[in-house]
1. I need the calculated FRET efficiency for the pair A:Glu116 and A:Phe21, taking r as the beta carbon distance and R₀ as 30 Å, to the nearest 0.05.
2. Could you give me the ³J(HN,Hα) list for the range B:86-101, computed from phi with Karplus coefficients 6.51, -1.76, 1.60 and θ = phi - 60°, whole Hz, x at Gly and Pro?
3. Taking every pair of Cα atoms in the range A:115-222, average 1/r, invert it to obtain the Kirkwood radius, and report Rg/Rh to two decimals.
4. For the range B:34-539, give the magnitude of the charge dipole about the Cα centre (Cβ charges: +1 Lys/Arg, -1 Asp/Glu; no others), in debye to the nearest 20.
5. Once you wrap a convex hull around the alpha carbon atoms of the protein assembly as shown, what is its projected area averaged over all directions, in nm²?
6. Just report the Cα centroid separation between the range A:220-299 and the range B:255-304, whole Å.
7. Would you mind checking the pairs A:Lys262/A:Lys297; A:Lys64/B:Lys336; A:Lys139/A:Lys242; A:Lys189/B:Lys67 and listing those with alpha carbons more than 19 angstrom apart?
8. Give me the angle, in degrees from 0 to 90, between the Cα long axis of helix A:214-223 and the longest principal axis of the Cα atoms of chain A, rounded to the nearest 10.
Amino acid sequence: MIAPDTAAPVASQEPIHQGSFWLPKAVSTLAPGVDNAWNIVMWVCVFFFVLVIGTMLYFMWKYKRRSENDVTSNIDHSARLEIAWTLLPLIIVMALFFVGLTGFMNSAVAPSDSFEIQVTGERWLWTFIYPNGTISPTKLIVPKGKPVRMVMSSKDVIHSFFVPEFRIKRDVIPGQYTSIWFEATEAGKYTLECTEYCGQGHSDMLATVEVVEPEAFKQWLESGGEDKNMPPAKRGEGLFAKWQCGTCHSLDGSRKVGPSLKGLFNRDETMNDGKVVKADENYLRESILVSNAKVVKGYEPVMPLFKDTLKDDQVDALIAYIKEQK
Amino acid sequence: MAQAVADSPIPEQSGTNYINAQKGILSWLLTVDHKRIGLMYLASTIIAFALGGFFALMLRLELLTPKRTIMDAATYNQAFTLHGAVMVFLFIIPAVPGAIGNFVLPIMLGAKDVAFPKLNLLSLYLYWTGALFTLSSLVTGGLDTGWTFYVPYSATTGGAVVKVTLGVFILGFSSILTGLNFIVTVHKLRAPGVSWFRLPLLVWALYATSVVQILATPVLGITLVLLMMERVLHIGIFDPALGGDPVLFQHFFWFYSHPAVYIMILPGMGIISEIISVHAKRRIFGYKAIAFSSMAIALIGFLVWGHHMFVAGQSHMAATIFSFLTFLVAIPSGVKVFNWLLTLWRGSIKYTTPMLFALSFMFLFTIGGLTGLFCGMLSVDMHIHDTYFVVAHFHYVMMGGTVIAFVGGLHHWWPKMTGKMYGEKLGALSCALVFIGFNATFFTQFILGSRGMPRRYYNYLDQFQPLHQFSTVGSWVIGLGFIVMAYNLLASLTSGARAPANPWGGKSLEWQTASPPITENFEVTPKVTHGPYDFSPEHQ
Ligand code: HEM
Ligand SMILES: [Cu+2]
C-alpha cells in the first residue's frame, strides 16, 4: 500500500543509494549496460594513465640533470612509434564508441508495451500525469518490472530528467516532446533530479520516484492517490505540501518568492496596479487558480496557473488550510 | 649558438630596452610595440583571472554546506555565471595569444614586430571595450544564466543576453584581429632561414589557434544578429514562446564555443612543447607530429560541437555521429602527450619552476583528456552529463591544462619579459600548492558527479557534504598557491636578480637577444641555420 500524501516533504530528500565506490546502485534494466561501459572505459583510462604517468615518473628519475654538460639524445622522431600510438589508441577509442552506442540505443527505443506517463517540468515542479487522468506532483509512482515510458515537455524553460539509480537522463524542452524509458528492477524510493539549470529553485527541483509492486501500483492508480474523507483543512495541508506551495510561500510571515500566507485571510491586499482587495474566499480561489489575474504589489507574476490541475474540492481544501494560518 | 645572430655576440643586458625606451602612460597607451601590448594584455588578463578566481572561491565557500552558507540562491547563480563568463571570455581565450603570443611570437620569428602593429593595438582596445561591456552587462543585467546563455531561460532576463553576446562578440573581434595578425606575421615576417619546419611549436600552435579564431568567431556574430532579430523584431528563432526552437540556439552556441575550447587549449599545448624541450635540454621528439596534430585538432574541432548535446533532444543519429567524431579528436591530443613523453627520454631534466609546471600539466591534462573518453561514450554520458563529473573534467582540461601551461609559460618567459629572475624555491612551492590543491578540489568532483551530484546546484543532498567540504578546502590551497606565486613574481620586479639573455639555455630566437629585448628585438636581423630545438653538442 502506498500511503496517501498527507505530509509529503516540500522537496524530496531521499538519499541516492550507493552501489560501487563510483556509481549509485543499479536499479533499472538499462543500468547494468551503462555500468559495464563505465567499467570498460575506466580500466582503459587507468591503463593509459599508469602508462603515461608511470613512464613520465621513470624518465623524471632516470634523466634528471646531472651536470650542465649532459649530452642529450638527438633522436627526434620515429615513424613507427608515431603510427603505433596513432593506430592503437584509434582502435581502442573506436571500441569505446561502439560500447557507448549500444547502451545508448537501448535507451532510445522503448518496448512497445511500455506504460506511458506524461511528465511536465516547470519552475520548479515536476508533475506526472497518468493515462487515467490521475495527476501526481513531485512524486512519480511506477510499477516494478514493467517498462515505463516518459513523454516529457516543459511549460517554461529547459529542464532535464535524471534518476541516478536508473542511469537515464533526457532534457525536457518547451514546445517539444522528448521521451525516455526505463524498467525499474527493485522496489524502493529514489530521487529524480533536474539537471538542466533552470533558475533559483533549480537545486530544489527534485521529485521522489517510488517503485512499487505492480499490484500496489494498480490500487494506487485507481484511488487517484488521495483520501477524500479527510477534514478539508487537513487535506489542504497535504495538497499544500504535494504541490510545493511552500517553495514560494512561507507560513511564518517571512518573504519568499511569493508573499507569506500567514494571516492572509480577510486581510486587505494591495495589487500592483494600486487597487486594494480584501483577501476573501473568492480572492483566494482566483489567486490559486489564475494567479496572474491579480498580482500582489512587490511580487513578480511567476506563480504557476493551477486552473487545469486542481479540482474544485481541492481548491476548497487549500482555502480551508490557508484560513487556518492566522 | 644554434640560431646565431650574425657575428655580434648577444649583449646580456642592453642599456635601453623596450621597457625604459620611452616613459609615461601615453607611451604605453599609444605604443605599437608588440612586447608592450603583450604586457598590457598580461596585466589585464591576470586581473580578469583574479576576479574569476575570487568568484570561484566564493562559490566553493557557499558549497561548504547544503542550503545557505554565505549567499542566497540568486546570488550563487549570478556568481557562477560571472565566474564562468569571466574565466572563459575575459581570461582564458585572450590570455595565451594576447599576452604570451604577442610577446614571443614575433621574436621567435626574428621579426621586429607583428605584421600590423596598429591593428594589434586596436585588438587590445577592443579587448578592453568588450571586457568592460561584458562585465557591466553581466552585473547590471544581473545575469544568472550560466556562461552558456541557454534560451529560453536567458529570454527571461530581458535584453541582458543580447548585450552580453554583443560584448562577447566585441571580444571575439579582438581575437579575430589578433589571429589575422599572427597568420600574416608567420607567413611574411620570418627571418632568413626560418623555414616552416624551423618554427618553434608554439608558433604552430598559435597559427592553428588563429585559424580557428578567424573561422569560428563570425558564427557568434550570426547568433547575435539572430538573437536581435528575435528580441527586437519578434521573429521566432530560438524562443518557443515565439515559435522558435531552443535547441537551435544550443547548436549555434556550441558551434562557436566548442572550437573556442580549442582556442583555449592549443596555445597552452604550444607552451608545453617549448618548456619541456628547453628544460630537458633535448631536441623535441616528433616535431612534425606535434605540429600537424595542432592543425588536425583545429580542423576536426569544428565537427564535434554536438557532443555537448547528447541528451538535449537532438536526433539519435546526430548523437551517434558526434560521438564518433569526438573520439577521433582525442587521437591528436594523445599523439602530443606521447611525443612530450619521449622528449623527456634521454633528456637532461632540470627541475626549474617552468618545468615543474609543465610536468604538472602532463599529469593533469592526461587526467582531463582521459576523462573526456567517459563523456564521449553515449551511454556513460547519459549518466554523467551535467553533473560534477563534467565540472571536474573541464577544470582538469582548462585549469589543469591551459592555466597551468599559461603560468608555466609565464615563468619561462618572465626573465625575458622583465629582465628579472624570481625565486626558484618560492616558484616550486607555489607550483606544489596549486598542484595539490587542484587535485584535492577537482578529483573529488569526479566522485561527486558519478555518484549523482548535478552541476549548478546551490543546494544538495546531505550525503554529498563531506566531499563538497573536502573540495572547498582544496580550493583554499589553490588560492594560497596563487598568492605565493603572485608574491614571488612581483617581488622579483624590485629585488630579483638580473636575468641573463638566456637563463635556460634555450635555442629558439627569443633567447638570442637581450633580456629584456630592445624595442626592435634584435640589433641585427638574425640569420638562422638550425632548428629551434637543436641541442646537439656541436652547436652548444
Ligand atoms: C580556483 C580555481 C577554481 C575553482 C575553485 C572553481 C570553481 C568552480 C565552481 C564551484 C563552479 C560551479 C560549478 C557548478 O555549480 O556547476 C565552476 C564553474 C565553472 N568554472 Fe571554475 N573554478 C576554478 C577555476 C576555473 C578556471 C581557471 C576556469 C577557466 C579558465 C574555470 C571555468 C569554469 C566554467 C566555464 C564554469 C561553468 C560556469 C557555468 O556553469 O556557467 N574555472 N568553477
Ligand atoms: Cu529545472
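FYI, it's all coordinate maths here, none of it is from the lab. Note that the structure is a prediction, hence the values are computed from the model and not measured. Every residue, glycine as well, gets a Cβ built from its backbone with ideal geometry; the counts of neighbours run over all protein chains shown.
1. Values: r = 36 Å, r/R0 = 1.20.
Computed FRET efficiency for A:Glu116 and A:Phe21 comes out at 0.25.
2. Values per residue, Gly and Pro as x: 5, 4, 6, 8, 9, 10, 6, 5, x, 4, 5, x, x, 8, 6, x Hz.
3. Values: Rg = 12.9 Å, Rh = 13.7 Å.
For the range A:115-222, the value is 0.94.
4. Values: 28 positive and 17 negative charges, 258 e Å.
Rounded to the nearest 20 debye, it is 1240 debye.
5. Values: hull surface 146.3 nm².
Average of the hull's projected areas for the protein assembly as shown equals 36.6 nm².
6. About 59 Å separates the Cα centre of the range A:220-299 from the one of the range B:255-304.
7. Over 19 Å Cα-Cα: A:Lys64/B:Lys336; A:Lys189/B:Lys67.
8. Relative to chain A, helix A:214-223 is tipped by roughly 30 degrees.
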